[in-house]
Amino acid sequence: MNKESKIYVAGHRGLVGSAIVRNLNEKGYNNIIARTHKELDLINQEQVRKFFEEESPEYVFLAAAKVGGINANNTYPADFIYDNLQIQNNVIKAAHDYKITKLLFLGSTCIYPKLAPQPIKEEYLLSGYLEPTNEAYAIAKIAGLKMCQYFKRQYGDNFISCMPTNLYGPNDNFDLNNSHVLPALIRKFHEAKVNNLSQVEIWGTGKPLREFLYVDDMADACVFLMENYDGEEHVNVGTGQEVSIRELAQLIKEVVGFDGDMMFNTNMPDGTLRKLTDVSNLHRLGWRHKMDLRYGIRLAYEWFREERSILKIE
Ligand SMILES: NC(=O)C1=CN([C@@H]2O[C@H](COP(=O)(O)OP(=O)(O)OC[C@H]3O[C@@H](n4cnc5c(N)ncnc54)[C@H](OP(=O)(O)O)[C@@H]3O)[C@@H](O)[C@H]2O)C=CC1
Ligand SMILES: C[C@H]1O[C@H](OP(=O)(O)OP(=O)(O)OC[C@H]2O[C@@H](n3cnc4c(=O)[nH]c(N)nc43)[C@H](O)[C@@H]2O)[C@@H](O)[C@@H](O)C1=O
């Protein structure tokens, strides 16, 4: 990739896509193209093919997807499988037909078996059944990474994939029903503090373990892989460090400065109990994360306080 290469970032207004654009800008890439969902619906094959024909991008970061936390995945499985299969099929096939130079597909660590040995190596894919709360999304993501592999194998297309752990940072989704745990808890603790509430509800038992990667680290890994990796195997992207949901909630409570109680609602699902990524392949390639979790939460909370007016929430 050179500084003038024409780079299409799909999903450039989302959490990851916006961070990829920031990272590319910082590194001096100056020919980035993007379309909003309204301008280009990636579910529509005709629109996608027209866009590739007219724009001829050379590099594609596929960071557009239907994304959500445990409750959204559990409630709307049909939308999660359909939208994601359509988006990735359309973009990957157009990338092949219009002969782009390279594509990076973003999956998720939820592709791995629910009971996979920990930490999870890339090779554990398809060795057991999936976590039910996000099975639909995971099946779409597995199809996406396999499609990249098979197009590489059969046609020599340079399509690579990475599997990020749970992400957070600026431009996250802070919706209380549909978001991931970290942004949801930032909002819940903030609103409890501002409204002098005595307690905050945390879903589940607080026992599941999760790994959190700041989105600017994620974007840096994406650009690093685009610049340095051409392999057929997908690559895990994470920190290799985990915390329990209870510990995470405690950390956010401290950063926000809420001094009430935490109440665990065990009527809500825990999801998978552990999904720690083995990041040794990424480390061997020469990339490591930088952001410390407490500091990352502080930055995410600052962003939330400054930008809440554009989030269409109270
Ligand atoms: N967030 C996380 O913790 C994780 C994310 N990932 C993966 O990273 C990638 C990026 O996720 P993230 O940035 O968090 O998600 P976001 O929801 O923040 O962003 C997704 C983007 O895709 C766009 N989009 C969705 N549907 C369409 C469509 N039909 N046509 C055009 N654009 C569309 C959205 O636009 P609009 O909002 O206008 O619909 C949005 O800009 C995804 O592949 C996701 O699966 C993987 C692991 C963890
Ligand atoms: C990235 C990954 O994200 C999803 O998987 P997940 O990690 O299970 O998602 P989550 O962030 O929503 O929850 C993590 C944990 O946290 C608990 N939890 C507590 N309190 C709140 C809460 O207030 N909101 C949410 N959402 N969760 C809460 C919650 O009960 C669970 O135990 C996938 O569906 C899929 O999209 C995917 O790939």
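Data table
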{"read-out": "The stretch 121-179, subset over 14 Å from the mean Cα position of the chain (by Cα) and of a type in the set (Ser, Thr, Tyr), residue farthest from Gly240 (Cα to Cα)", "value": "Tyr155"}
{"read-out": "Failed item, numbered, when Gln241 is tested on (1) touching an Asp or Glu at 6+ places or on another chain (Cβ under 8 Å); (2) not in a loop (DSSP other than H, G, I, E, B)", "value": "(2)"}
{"read-out": "Filter result for the condition that a residue is more than 20 Å from Gln86 (Cα to Cα), within 16 Å of ligand 2 (Cβ to nearest atom) and modelled with pLDDT of 95 or more, over Leu15, Leu24", "value": "Leu15"}
{"read-out": "Condition met for Asp175 (acidic (Asp, Glu), more than 10 Å from ligand 2 (Cβ to nearest atom) and buried (at least 16 other Cβ atoms within 10 Å of the Cβ))", "value": "no"}
{"read-out": "Number of the exception - Phe52 against (1) within 16 Å of ligand 2 (Cβ to nearest atom); (2) in contact with a helix residue (DSSP H, G or I) (Cβ under 9 Å, 6 or more places away or on another chain); (3) not β-branched (Val, Ile, Thr)", "value": "(1)"}
{"read-out": "One residue from Phe189, Phe224, Phe264 being aromatic (Phe, Trp, Tyr), part of a helix (DSSP H, G or I) and open to solvent by 20 Å² or more (accessible area, probe 1.4 Å)", "value": "Phe224"}
{"read-out": "Residues located in the stretch 281-302, provided they are open to solvent by 90 Å² or more (accessible area, probe 1.4 Å) and in a helix (DSSP H, G or I)", "value": "Arg284, Arg294, Tyr295, Arg298"}
{"read-out": "Output for the stretch 114-165, where each listed residue is among the hydroxyl-bearing types (Ser, Thr, Tyr), closer than 29 Å to Thr101 by Cβ and buried (at least 18 other Cβ atoms within 10 Å of the Cβ)", "value": "Tyr137, Ser161, Thr165"}
{"read-out": "Scan of the stretch 38-62 for residues that are over 12 Å from Tyr98 (Cβ atoms) and touching a residue at least 24 places away in the same chain (Cβ under 8 Å), ordered by number", "value": "Leu42, Ile43, Asn44, Gln45, Tyr59, Phe61, Leu62"}
{"read-out": "Conditions (1) free of Cβ contacts under 8 Å to residues at least 40 places away in the same chain; (2) under 25 Å from Pro170 (Cα atoms): number failed by Thr239", "value": "(1)"}
{"read-out": "Candidates Lys207, Lys253, filtered to the one that is away from ligand 1 (no atom under 16 Å from the Cβ) and either among the acidic types (Asp, Glu) or in contact with a Phe, Trp or Tyr (Cβ under 8 Å, 6 or more places away or on another chain) (or both)", "value": "Lys253"}
{"read-out": "Any chance Arg187 is touching a Pro at 6+ places or on another chain (Cβ under 8 Å) and not β-branched (Val, Ile, Thr)", "value": "no"}
{"read-out": "Qualifying residue in the stretch 158-168 (condition: farther than 26 Å from Thr75 by Cα, in a strand (DSSP E or B), out of contact with any strand residue (DSSP E or B) (no Cβ under 6 Å at 6 or more places or on another chain) and within 16 Å of ligand 1 (Cβ to nearest atom))", "value": "no"}
{"read-out": "Boolean, Ala95 is away from ligand 1 (no atom under 14 Å from the Cβ), closer than 26 Å to Thr36 by Cβ and not in a loop (DSSP other than H, G, I, E, B)", "value": "yes"}
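The values are calculated or read from the model by the stated rules, or taken from the named source; none is laboratory data. In this text the structure is predicted, and so the values were computed from the model without any measurement. Because the Cβ atoms are built from the backbone with ideal geometry, glycine has one as well, and the counts that use them run over all protein chains shown. For the accessible areas, the whole protein counts, side chains as well, though only heavy atoms, and no ligand, DNA or RNA atoms are used. Shrake-Rupley method; radii C 1.70, N 1.55, O 1.52, S 1.80 Å.
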